[in-house]
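The values are calculated or read from the model by the stated rules, or taken from the named source; none is laboratory data. Because the structure is a prediction, the values reported are computed rather than measured. When we count neighbours, we look across all protein chains shown, and the Cβ atoms used for this are built from the backbone with ideal geometry, even at glycine. Each accessible area value is taken on the protein alone, full model and side chains, heavy atoms only, with ligands, DNA and RNA left out. Shrake-Rupley method; radii C 1.70, N 1.55, O 1.52, S 1.80 Å.
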Amino acid sequence: MVIQQQASGVVEGVRDHQGVDVEVVVDGHRIRAGHDLSQFIVSIIDQLSDGATIGTVSLPKELTTTTAAQQLGISRPTLMKLVKSGELPSHRVGTHTRILTSDLYAYRDAKLTASRQAFEELQQLEIDHGITD
C-alpha cells in the first residue's frame with residue numbers, strides 16, 4: 001500500500017508534463033535515464049499507482065522455438081510456419097532453430113500495430129456508413 005501511495009504521488013507530479021526525464025541517485029551520484037527508459041519507468045510507476053502488480057522477466061538474446069511460441073501465445077507448429085515463410089527471422093544453431101528476442105518482439109509489435117490500424121479502419125467504415133450504435 002505504501003508503494004501505491006508513493007507511486008500515486010509521482011504520477012500526479014508528472015501527469016501533465018511531456019518529455020519527462022528520470023534521474024536516479026545511486027550513492028549520491030545522479031544518473032539520468034534516457035527518454036525511452038524514462039517513459040518506461042513512468043509507465044511502471046503509473047501502473048503501480050493503479051494498484052497493479054509488476055513482475056519482471058529476463059529473456060536471453062536468443063530463444064528456442066518453444067519459448068518464442070509461448071511468448072507469442074501461439075503453438076510451436078504455427079511459429080515454425082512463420083519461420084518457414086520468412087515472416088519471422090531465425091537462424092540455425094547446429095540442428096536447432098533459434099530466434100532473436102529482438103526479432104520476436106519486432107514481429108509482435110508489427111502485428112499489434114497492423115491489428116490496431118485494421119480496427120481503426122473498420123471503425124471509420126462503420127462511421128462513414130452510419131453503422132454505429
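The figures follow:
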{"quantity": "Single residue of segment 79-129 satisfying the filter (among the hydroxyl-bearing types (Ser, Thr, Tyr) and within 17 Å of the chain's Cα centre (by Cα)) that is farthest from Lys61 (Cα to Cα)", "calculated": "Ser115"}
{"quantity": "The listed residue being within 17 Å of Ala68 (Cα to Cα), outside any helix (DSSP H, G or I) and open to solvent by 90 Å² or more (accessible area, probe 1.4 Å), out of Arg92, Arg98", "calculated": "Arg92"}
{"quantity": "Selection count, segment 29-45, where residues are open to solvent by 60 Å² or more (accessible area, probe 1.4 Å) and without any contact (Cβ under 8 Å) to a residue 12 or more places away in the chain", "calculated": "6"}
{"quantity": "Pick from segment 46-89, criterion in contact (Cβ under 8 Å) with a residue 12 or more places away in the chain, small (Gly, Ala, Ser) and in a helix (DSSP H, G or I), ranking: most open to solvent (accessible area, probe 1.4 Å)", "calculated": "Ser49"}
{"quantity": "Segment 111-133 residues that are more than 23 Å from Leu72 (Cβ to Cβ), paired with ones that are part of a helix (DSSP H, G or I) (beta carbon under 8 Å, 6 or more apart)", "calculated": "Ile131/Leu125; Thr132/Glu126"}
